[in-house]
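Let me begin by presenting the structure, written as structure tokens, before commenting on it.
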Amino acid sequence: MRPPNAEPMLPGLFRQLFPAVAGLPLGPLLTLSLRSLARRRPGLFERLGESRSACFGIDPVDLAFAFRVVPEGQRSSVRVVSKDEAARSDVQIKGPLLTLLGLLDGTLDGDAMFFSRVISISGRTEAVLALRNTIEDAELRPADLLGLHGILARCVDTGVLGALSIARRLADKNPSGAREA
Amino acid sequence: MTMTRLELVCPAGTPATLRAAVQAGADAVYCGFRDETNARNFPGLNFSRDELAEGVRFAHDHGSKVLVAINTFARVDDVDIWKKAADAAAESGADAIIAADFAVLDHVAKNHSQIRLHLSVQAAAATPEAIGFYAAQFGIRRVVLPRVLSLQEIAALNRAIDVETEAFVFGGLCVMIEGRCYLSSYATGKSPNLNGVCSPPQMVSYDEEPGGTTARLSGFTIDRYERGQPVGYPTLCKGKFKADGRTSHLFEDPVSLNAGGMIAGLKAAGVTALKIEGRQRGKGYVSEVVRAFRKAVDAVEKGGEPLDIGRLLAGQSEGARQTAGAYEKKWR
């Protein structure tokens, strides 16, 4: 039985399939995606207030790499970094990848995940709170990050959210993954 | 005693939460501007002027009202910030302004007579004389009751006043008389009454230490948690302190108010509106709590069996523990 504060983790094999180098292209792609989102929805980034210029270290504990994100509207940047470099950010957020994605798409509640220690945060608490409230209000769908509209957007949302749901169920049945945390 | 249908007043910290509350069955939603004029001035929370206007349109289209909290106390050299907030709330088409400060109440009464004035819990008005004064001077139509009154006291109060009353039924419980707490000011220099923020997050830290996690506020240790144990937000009044050699929650246990079992009693006591606390909480929380209270209020209005709302919402309470607070007072 999983401990009460253990969320589904990706299997160890996944970590081996995606070493740090595999994550490198994600940096430029996510940077473009975030800047495009800022052009379409500038109000979303205004909600962050002064925390727009903060550097957020996002560390999916079941991946070999982490991210450094500065959500500064159209000057936003995302870099794939080592775990050590992510730990030197203004804010550090650590948790299983599927949980972090669940927070982004609104499937999971950030407060509940933090207070039950599924995710951990350290650094500037006010920046974490601003990010949490911004994401809550944004109601982001996968198609928003890709800048898609219409039928294509609906197909992508259905596909990606469906795949994530299946991944969560599979990971949930994989207690060995949870023990790797 | 009022026999009108109970109004369910629900929190909204963001536009998305406002929509969630309305869709879950809120009769009215309360919210505030993204500044120090309201008592939930947390980073990333609250509404811009445009967002409020849009929120009011959405709520009205769905048959709900919007109440705007401008309920902190103005500073002597900056009263205009509060007056402009009241002007913007009135222009947005909102249904009421919730205020406590004489300057704000006076400004709204003199310049925006079309909008209802509700007296905030921050005013801590709990006697017929105090409420009568606000009604006579500013024309308040409703008073949000401090969470220190028993059901019997509320019934007696309602018999003696001719404005509506609104009572908290769920959410964080402030043990202090609202508007008169100085704990946060003492520890951080910022208070809910003046700056709209109790235990501000920029002064919160969670420090990983050999024995576990220590939650601090402005450097003061508020609580310690062993590894794996659930953590809480370090609100000073809910911290664990050592006094007389004993470690305990000195001021207040981390429990939530749940008066879901008292809806019929509150209605019988003449209460007009039931308020859910939690503008700082997310959409999931707001949707679940509002939906449960919608069912419970409707059941009471139809004269049916009361729902076991405590069981329904146990997971949403702080520390997973609930209390009926002062409504069934066994202390004073």
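The values are calculated or read from the model by the stated rules, or taken from the named source; none is laboratory data. Owing to the predicted nature of the structure, the values given are computational and were not obtained by experimental measurement. Cβ placement follows ideal geometry from the backbone for every residue including glycine, while neighbour counts extend to all protein chains displayed. The area values use the complete protein model at the heavy-atom level, side chains included, leaving out ligands, DNA and RNA. Shrake-Rupley method; radii C 1.70, N 1.55, O 1.52, S 1.80 Å.
Show me the helices (runs of 4 or more DSSP H) found entirely inside region B:28-112 where at least 3 residues are open to solvent by 10 Å² or more (accessible area, probe 1.4 Å), of a type in the set (A, V, I, L, M, F, W, C) and farther than 22 Å from B:I177 by Cβ. So that I can check it myself, show each step before the final result.
Details: elements: B:49-61, B:79-91, B:102-111.
Result: B:79-91.
With the requirement that a residue be assigned to a loop (DSSP other than H, G, I, E, B) and of a type in the set (S, T, Y), what does region B:170-198 give you? Let's see the steps before the verdict.
First, pick out the residues of region B:170-198 that are assigned to a loop (DSSP other than H, G, I, E, B): B:173-182, B:189-198.
Listed by number, the residues that qualify are B:Y182, B:S191.
Taking first residues from region B:297-310 that are open to solvent by 50 Å² or more (accessible area, probe 1.4 Å) and partners that are of a type in the set (V, I, T) and assigned to a helix (DSSP H, G or I), the Cβ contacts under 8 Å between residues at least 6 apart in sequence or on separate chains come to B:P306/B:I263; B:P306/B:V300.
All conditions but one from (1) on the phi > 0 side of the Ramachandran plot; (2) in a helix (DSSP H, G or I) apply to B:D298; the one that does not is (1).
With respect to (1) in contact with a helix residue (DSSP H, G or I) (Cβ under 8 Å, 6 or more places away or on another chain); (2) within 22 Å of B:C198 (Cα to Cα); (3) among the basic types (K, R), the lone exception for B:K275 is condition (1). Filtering region A:164-174 to residues that are over 16 Å from the mean Cα position of the chain (by Cα) and either in a helix (DSSP H, G or I) or among the hydroxyl-bearing types (S, T, Y) (or both) leaves A:I166, A:R169, A:L170, A:A171, A:D172.
Within region B:207-233, which residues are touching an Asp or Glu at 6+ places or on another chain (Cβ under 6 Å) and either assigned to a loop (DSSP other than H, G, I, E, B) or buried (at least 17 other Cβ atoms within 10 Å of the Cβ) (or both)? Working first, answer last.
Keep residues of region B:207-233 that are touching an Asp or Glu at 6+ places or on another chain (Cβ under 6 Å), which gives B:212, B:214-215.
The answer is B:T214, B:A215.
Remark: pairs (first residue in region A:67-81, more than 19 Å from A:R124 (Cα to Cα); second residue open to solvent by less than 50 Å² (accessible area, probe 1.4 Å) and acidic (D, E); Cβ separation under 9 Å; 6+ apart in sequence or on different chains) = A:R79/A:E85. What about A:L103, is it touching a strand residue (DSSP E or B) at 6+ places or on another chain (Cβ under 9 Å), within 21 Å of B:V286 (Cα to Cα) and within 14 Å of chain B (Cβ to nearest Cβ)? Spelling it out, A:L103 is indeed touching a strand residue (DSSP E or B) at 6+ places or on another chain (Cβ under 9 Å), within 21 Å of B:V286 (Cα to Cα) and within 14 Å of chain B (Cβ to nearest Cβ). If you go through region B:205-222 and keep only what is in contact with a Lys or Arg (Cβ under 8 Å, 6 or more places away or on another chain) and closer than 18 Å to B:C174 by Cβ, you end up with just B:I222.
Do we find that B:E7 is more than 12 Å from chain A (Cβ to nearest Cβ) and either surrounded by fewer than 20 Cβ atoms within 10 Å (Cβ to Cβ) or under 23 Å from B:R141 (Cβ atoms) (or both) in this structure? Yes, satisfied.
Rundown of residues vs (1) within 14 Å of chain B (Cβ to nearest Cβ); (2) in contact with a helix residue (DSSP H, G or I) (Cβ under 8 Å, 6 or more places away or on another chain); (3) over 28 Å from A:S116 (Cβ atoms), yes/no style:
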residue	(1), (2), (3)
A:T31	no, no, yes
A:S36	no, no, yes
A:S53	yes, no, yes
A:D62	no, yes, no
A:R68	no, yes, no
A:S76	no, yes, yes
A:L98	no, yes, no
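Which ones in region B:10-27 are assigned to a helix (DSSP H, G or I) and surrounded by fewer than 24 Cβ atoms within 10 Å (Cβ to Cβ)? Step through it out loud before you land on a result.
Filtering region B:10-27 down to residues assigned to a helix (DSSP H, G or I) leaves B:15-24.
Within region B:10-27, B:P15, B:A16, B:R19, B:Q23, B:A24 qualify.
Consider region A:129-140. How many of its residues are among the β-branched types (V, I, T) and within 8 Å of chain B (Cβ to nearest Cβ)?
Total meeting the criteria: 1.
Of the residues in region A:7-23, not one is modelled with pLDDT of 85 or more, within 14 Å of chain B (Cβ to nearest Cβ), closer than 26 Å to B:S205 by Cβ and in a loop (DSSP other than H, G, I, E, B).
Within region A:137-161, track down each residue that is open to solvent by less than 30 Å² (accessible area, probe 1.4 Å) and over 18 Å from A:L30 (Cα atoms). The answer is A:D137, and nothing else. The helices (runs of 4 or more DSSP H) located wholly in region A:41-150 that include 2 or more residues which are under 16 Å from the mean Cα position of the chain (by Cα) occupy A:83-86, A:97-104, A:110-115, A:125-138, A:142-146.
Looking only at residues in region B:264-291 that are surrounded by fewer than 22 Cβ atoms within 10 Å (Cβ to Cβ) and assigned to a helix (DSSP H, G or I), the one that is farthest from the other protein chains (Cβ to nearest Cβ) is B:A268.
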